[in-house]
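No value in this document is a laboratory result; all are computed from the given coordinates. No experiment lies behind these values; they were computed from the predicted model shown. All Cβ positions, even for glycine, are placed from backbone atoms using ideal geometry, and neighbour counts span all protein chains on display.
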Amino acid sequence: MKDLFVLLVEDNEADIELTTQLLSHVKLDNNLHVVRDGAEAIDFISKMNEDLTMPNPDLVILDINLPKIDGKEVLKFIKEDERFKSIRVIMYTSSSWETDIKYCKEMNANLYLTKSNSALEYFNTIEELKNFTASNFA
């Protein structure tokens, strides 16, 4: 698999560390950029698109509960804009609310993962990420 450019949108330092470890298990931590709120994510993606020498991210890993602009609005921005809608988006969040899951599916999030509370859930998340990347970025 080629090196992917991954944009992680997460405001919690502990979750950034945990997600970075998760990505290292799946070998996706080589080209990782972190932004800490929804406004920064939209600005980053927009500026990358303006700079023709910089590619769009291959994958965005997006929390829902973010400051300034929440993750659902960032997902909407990505998936409703022709320039960005092909970017794969994984919602990786603590929210297990059906309304959030339904909204993200309707907005064409590529995968919805709930942050793990146990080692077993963590390893299941690793497997889901491995399967996702193998089928989408082979």
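A few notes on this one:
- Filtering Leu129, Leu120, Leu113 for residues that are aliphatic (A, V, I, L, M) and in contact with a Ser or Thr (Cβ under 9 Å, 6 or more places away or on another chain) leaves a single hit, Leu113.
- Test: residue in the range 104-123 that is surrounded by 14 or more Cβ atoms within 10 Å (Cβ to Cβ) and out of contact with any helix residue (DSSP H, G or I) (no Cβ under 9 Å at 6 or more places or on another chain): no
- Of the residues in the range 43-50, not one is under 30 Å from Ala119 (Cβ atoms), in contact with a strand residue (DSSP E or B) (Cβ under 7 Å, 6 or more places away or on another chain) and of a type outside the set (A, V, I, L, M).
- The set of residues from the range 94-131 being over 18 Å from Val9 (Cβ atoms) and part of a loop (DSSP other than H, G, I, E, B) comprises Ser96, Trp97, Ser116, Asn117, Ser118.
- Of the strands (runs of 3 or more DSSP E) contained entirely in the range 10-93, not one carries at least 2 residues that are without any contact (Cβ under 8 Å) to a residue 12 or more places away in the chain and surrounded by 18 or more Cβ atoms within 10 Å (Cβ to Cβ).
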